[in-house]
Ligand code: A3P
Ligand code: MG
Ligand code: MG
């Protein structure tokens, strides 16, 4: 019998091939047209207060209120270290919240999400935007691996990150320098954000990293529907489109770029992450503050999220947004094919290390569970 491709086409396999147990992550495998992506629409909001308590409202939403001049190139000179010693309250990073706040929002807003008893949440996936950002960046990431735990419950797949051993070590061994850098990112926000729509920023206040405003959105990537939530830095009261997420602004701080080499590295690593993070939830504007060697903001620069793919296209060894999205599409299909036991007491752990394929293992030890008993009970009613 001949085995060349042309003579095999008439012969259909009797059973579909078993799902593949690993997924290639090489960027060249995902080159191609940009997949279908529906603009995310906001379905809800919640806030976390200074003690990390959940509130089903927008109380922690802040407004983008740049002081006059700074957007026209006047150097702001803001000191990003101000308050580090005496006006800084850190969130306890040892507390692993998992999907807690999203699940709380879902529980309180079930009527918005579906009618069916067998599939009370009419979405294929539920996850944090930050987890999707990691997936999108995977084909270009060469430093940090990830672990994503997935459970299928009543027809919906929940994806929750688990900290890798490497990440835990890195966190526990964080240097003062790294801690200061993290602080400076939050401090930057305090110079640009006001609590009231017509208020002024108050940079003398305490920076408390427990506080957050989160948007909950519905989106679709090719055949995958999802409910995704992400933290939003602020809302621009003067945005041309005042509807969320189009009025939202992402704030970023970064070291001043001094040469071609730094520019390439900024385009290759930072703009990749910034684009993925904002694109996923439809945030159209990123305002970056570049700091000088003394940690002061030398200049502000606006990036329209939709311009970033054009800015990096001319670079050699650049990244391609279609690759990020095609990989995400493939990963979600991979998860859908493998995670077939509809049981919150079964956790599929997907793991990835740079240079390797994505693989998985199955766990029934409660230590791995991602859905708490109160949530399962609420969705079973
Ligand atoms: P910068 O990114 O401006 O440095 P976000 O930009 O996502 O709104 O996050 C706000 C700030 O939180 C960041 O500011 C950074 O300081 C800190 N941060 C966010 N993700 C981080 C991470 N993975 N590691 C360390 N710090 C992080
Ligand atoms: Mg933020
Ligand atoms: Mg930010």
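Bear in mind that the values in this text are calculations on the coordinates, not laboratory data. No experiment lies behind these values; they were computed from the predicted model shown. Counting neighbours? That spans all protein chains shown, and the Cβs are built from the backbone with ideal geometry, glycine included.
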| query | Angle, helix 271-280 long axis vs. longest principal axis of the chain, Cα atoms, 0 to 90°, nearest 10? | reply | 70
| remark: In degrees, nearest 10, the alpha-carbon axis of helix 321-338 is tilted away from the dominant principal axis of the alpha carbons of the chain by 50
| note | Residues of the stretch 99-117 with backbone N under 18 Å of the label point set 7 Å from the Cα of residue 381 along Cα→Cβ are 101-117
| query | How much length, in nm to one decimal, is gained on full extension between residue 165 and residue 239, taken as 0.36 nm per residue of separation minus their Cα-Cα distance? | reply | 22.4 nm
| query | In whole percent, what relative contact order does the stretch 131-190 give with Cα contacts below 8 Å and a gap of six or more residues? | reply | 23
| note | Per-residue ellipticity at 222 nm attributable to helices in the chain (runs of n ≥ 4 DSSP H, -39500 (n - 2.57) apiece, nearest 500 deg cm²/dmol) works out to -7000 deg cm²/dmol
| Percentage relative contact order, the chain, counting C-alpha pairs under 8 Å, at least six apart | 29
| task | Determine the relative contact order of the stretch 1-140: mean sequence separation of Cα pairs under 8 Å and six or more apart, normalised by residue count, in whole percent. | result | 19
| task | Any chance you could run the full-extension gain for residue 367 through residue 223? It's 0.36 nm times the residue separation minus the Cα-Cα distance, nm to one decimal. | result | 48.7 nm
| query | So what's the projected area for the stretch 256-381, the Cα convex hull averaged over all directions, in nm²? | reply | 12.1
| Anyone know which of 124, 329, 342 comes out most mobile in the 10 Å Cα GNM of the chain? | 342
| task | Between residue 88 and residue 293, with labels modelled 7 Å along Cα→Cβ, what's the label distance in nm to one decimal, could you check? | result | 2.2
| query | Any idea what diffusion coefficient the stretch 94-252 gets from Stokes-Einstein, in µm²/s, Kirkwood Rh on alpha carbon pairs, 37 °C, 0.692 mPa s? | reply | 179
| task | Run a plain Debye calculation on the stretch 1-156 (Cα atoms as equal point scatterers, no solvent) and give log10 I(q)/I(0) at q = 0.10, 0.12, 0.16, 0.18 Å⁻¹, rounded to two decimals, same order as the q list. | result | -0.72, -0.97, -1.35, -1.40
| query | So how far apart, in nm, are the two label points at residue 55 and residue 34 if each is 7 Å from Cα heading toward Cβ? | reply | 3.8
| What nm value, rounded to one decimal, do you get for the distance between residue 143 and residue 182 when each label is placed 7 Å out toward the C-beta? | 1.5
| If only Cα atoms are counted, what is the Rg of the chain, and what is its Dmax, in Å? | 22.1, 81
| message | Under 10 Å, Cα contacts only: if you run a Gaussian network model on the chain, which one of 216, 232, 43 comes out with the highest mean-square fluctuation? | response | 43
